[in-house]
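Beneath this line is the structure, given in structure tokens, with notes to follow.
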Amino acid sequence: MALGGGGERVVEAGGLPEFGGVGDVWRHACRPPELVFPELAATVTSSDAGTLTTDIRLANPGTESLEVIALEAETPGLATAGPEVPFEVPPGESLSVPLTWTVTNCRLALQWLEPQLLYAYAGESSARGHHPLDSAAQAELVLLVDRVCGGSP
């Protein structure tokens with residue numbers, strides 16, 4: 001700390017981490033899911049009496065590999081099984097990831113909260129978030145819950 005010409009104190013901070021301003025904060029902490037996985041969409045690939053399989057397209061618009069460390073259902077009464085995590089999405093590329101949905105609790109699934117995917121990734125930046133499924137996949141999940149649970153309370 002030093003005294004300025006008019007008697008005011010001037011504080012010089014040292015040892016602060018490198019920081020690129022508000023733009024960096026937004027890019028690393030506030031990006032909506034469509035910027036993380038801009039092509040995230042669920043395509044139904046198969047359905048039977050007890051399961052529904054969707055392909056989830058993940059895109060990496062960055063310049064470094066994106067390591068997906070979580071991708072699962074965050075919807076009461078529903079669960080997913082997919083590839084083992086972690087896995088990588090190369091920079092500038094996208095890939096389809098199969099997720100198989102099952103009903104684990106009819107009482108909760110019949111309350112029908114909007115189905116969402118929980119995701120987490122690491123790479124140029126790290127994030128954890130939620131992404132809703134598109135309406136076509138949601139409609140197929142409604143049919144799955146109806147097949148499995150019928151009129152169950």
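The values are calculated or read from the model by the stated rules, or taken from the named source; none is laboratory data. Please read these numbers as outputs of a predicted model, since none were measured by experiment. Note that each Cβ is placed from the backbone with ideal geometry, even for glycine, and that neighbours are counted across all protein chains shown. SASA here: full protein model, heavy atoms, side chains in, ligands and nucleic acids out. Shrake-Rupley method; radii C 1.70, N 1.55, O 1.52, S 1.80 Å.
Net charge around R147, counting only other residues with Cβ within less than 12 Å of its Cβ (Lys, Arg = +1; Asp, Glu = -1)? The partial results should precede the final answer.
Details: positive: none; negative: D48, E140, D146.
So the surrounding residues net to -3.
Accessible area of the stretch 54-97 with a 1.4 Å probe: how many percent of it is carbon plus sulfur? It would help to have the intermediate numbers written out before the result.
Values: 950 of 2090 Å².
Carbon and sulfur atoms account for 46 percent of the accessible area of the stretch 54-97.
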Quote the accessible area belonging to V142 in square angstrom, nearest 10, computed with a 1.4 Å probe and with ligands, DNA and RNA left uncounted. 70 Å²
In whole Hz, the Karplus estimates of ³J(HN,Hα) for the stretch 74-90 (6.51, -1.76, 1.60; θ = phi - 60°; x where Gly or Pro) are 10, 9, x, x, 10, 9, 10, 10, x, x, 5, 9, x, 9, 10, 10, x
How big is the accessible area of E67 in square angstrom, nearest 10, if you roll a 1.4 angstrom probe over the protein chains? 60 Å²
